[in-house]
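**Q** First, the structure itself, so that you have it in front of you.
The values are calculated or read from the model by the stated rules, or taken from the named source; none is laboratory data. It should be emphasised that the depicted structure is a prediction, and the values quoted were computed from it without experimental measurement. Ideal geometry is used to build each Cβ from the backbone, glycine not excepted, and the neighbour counts take in all protein chains shown. For the accessible areas, the whole protein counts, side chains as well, though only heavy atoms, and no ligand, DNA or RNA atoms are used. Shrake-Rupley method; radii C 1.70, N 1.55, O 1.52, S 1.80 Å.
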Amino acid sequence: MQKITVLSGGMGGARFLQGLIHGIGQGSLPGVAPDAEVTVVANTADDLWIHGLKVCPDLDTVMYTLGQGIDLERGWGRRDETWSAKADLEAYGVESTWFGLGDRDIATHLVRSQMLEAGYSLTEVTAALCKRWSAADSWGGIRLLPMSDDRVETHVAIADAEAPSGKRVIHFQEYWVRLHAEVAAEALVFVGLDQSTPAPGVLEAIEGADLVILPPSNPVVSVGTILGVPGIRAALRTTSAPVVGLSPIVGDTHVRGMAHQMLTSIGVDVTAAAVAEHYGSRASGGVLDGWLVDATDAHHVAAVEAAGIACVAVPLMMTDVDATAAMATAAIELVRPS
């Protein structure tokens, strides 16, 4: 395998990529070339404009993580961050200070915003930003692409007794960061998704891959929005590469994040098997050939296999790069032609 494509959200996808690159570097992934190229197609439906700056949380989380600049404790933003600008915005009484932009992080958003306003595409901007970080050992042979250059935003409808409709629609980031996903999500609205087009290189990365991986990212608002870009789901169905996913649900809940809330909002049971069935088997018009569930969810294997998807139960906790590389190994072994 020379070309691997990964459809990634933020934290879960970034940590999986660390293990994947580690496994490639160690030569421990079966059938994978030591100089294999990895293309990451990252979710951009979490993006927002705030304080005049374009923020791309998932692109930045992947970039900072692989470039060894991520804050390891938070799992997002820059390490050794300071917050002077945020404090002064609060002193001025500026709204939306619930979304904290660190002083070091602001530099990334300033460069991105200036380039976008100068007419560069998000794909071009992302490539330029990555040049700073790609010298890190953990970067490997990775190319990072946005799912689309078009503006796509996820919004969440929540109950609001004061609104005429009884509901209020807020940006996904406000739901996650300000409300901590502690209120029920009554509906999801993907603004601009139906009209978006895949960014340059995305379809080619899927169609020309030797392996496509869906890491343990949120199946609704991370991988799900990538699949919602017109043309991407069709490319996954027709690529000659096997497509394998790793469950973000362990023991009938998410490990971190809000997959539980998002799955509930679209009526999908919060189990490893239900997420696999939500993605569907390629033989039945879905996108999966194989699916890994955690060892604690081994009782779901039969249901996944009954849905036409090869399945095996293995440890899925990304405790370190070796454990994560072992997950990548299991994913490859599950769908690798014998």
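**Q** Inside region 258-283, can you point out the residues that are closer than 21 Å to PRO242 by Cβ and either modelled with pLDDT of 95 or more or touching a helix residue (DSSP H, G or I) at 6+ places or on another chain (Cβ under 9 Å) (or both)?
**A** ALA272, ALA273, VAL275, ALA276, GLU277, HIS278, TYR279, GLY280, SER281, ARG282
**Q** Among the residues of region 159-169 satisfying the criterion of being more than 24 Å from ILE226 (Cβ to Cβ) and of a type in the set (A, V, I, L, M), which is most open to solvent (accessible area, probe 1.4 Å)?
**A** ALA161
**Q** Out of GLU95, GLU73, GLU90, which single residue is surrounded by fewer than 17 Cβ atoms within 10 Å (Cβ to Cβ), farther than 21 Å from ALA209 by Cα and in contact with a Ser or Thr (Cβ under 6 Å, 6 or more places away or on another chain)?
**A** GLU90
**Q** For region 320-330, does any single residue satisfy the condition of being open to solvent by 20 Å² or more (accessible area, probe 1.4 Å), touching a strand residue (DSSP E or B) at 6+ places or on another chain (Cβ under 6 Å) and of a type in the set (Val, Ile, Thr)?
**A** First pass over region 320-330, keeping only residues open to solvent by 20 Å² or more (accessible area, probe 1.4 Å): 320-323, 326, 329.
Subset that is touching a strand residue (DSSP E or B) at 6+ places or on another chain (Cβ under 6 Å): none.
No: region 320-330 contains no residue that is open to solvent by 20 Å² or more (accessible area, probe 1.4 Å), touching a strand residue (DSSP E or B) at 6+ places or on another chain (Cβ under 6 Å) and of a type in the set (Val, Ile, Thr).
**Q** Among the residues of region 193-212, how many are touching a residue at least 60 places away in the same chain (Cβ under 8 Å) and in a helix (DSSP H, G or I)?
**A** Final tally of qualifying residues: 3.
**Q** Still on this structure: Between residues in region 176-189 that are more than 14 Å from ASP46 (Cβ to Cβ) and assigned to a strand (DSSP E or B) and residues that are of a type in the set (Lys, Arg) and open to solvent by less than 70 Å² (accessible area, probe 1.4 Å), which pairs lie under 6 Å by C-beta distance while being six or more apart or on different chains?
**A** none
**Q** I need the full set of residues from region 125-145 which are outside any helix (DSSP H, G or I) and either of a type in the set (S, T, N, Q) or open to solvent by 50 Å² or more (accessible area, probe 1.4 Å) (or both), in order please. So that I can check it myself, show each step before the final result.
**A** Our first condition is that a residue be outside any helix (DSSP H, G or I); within region 125-145, this holds for 134-136, 140-145.
The answer is SER134, ALA135, ARG143.
**Q** Something else: What tally of residues in region 150-180 results from selecting those that are more than 18 Å from the chain's Cα centre (by Cα) and either among the hydroxyl-bearing types (Ser, Thr, Tyr) or at positive phi (or both)?
**A** 3
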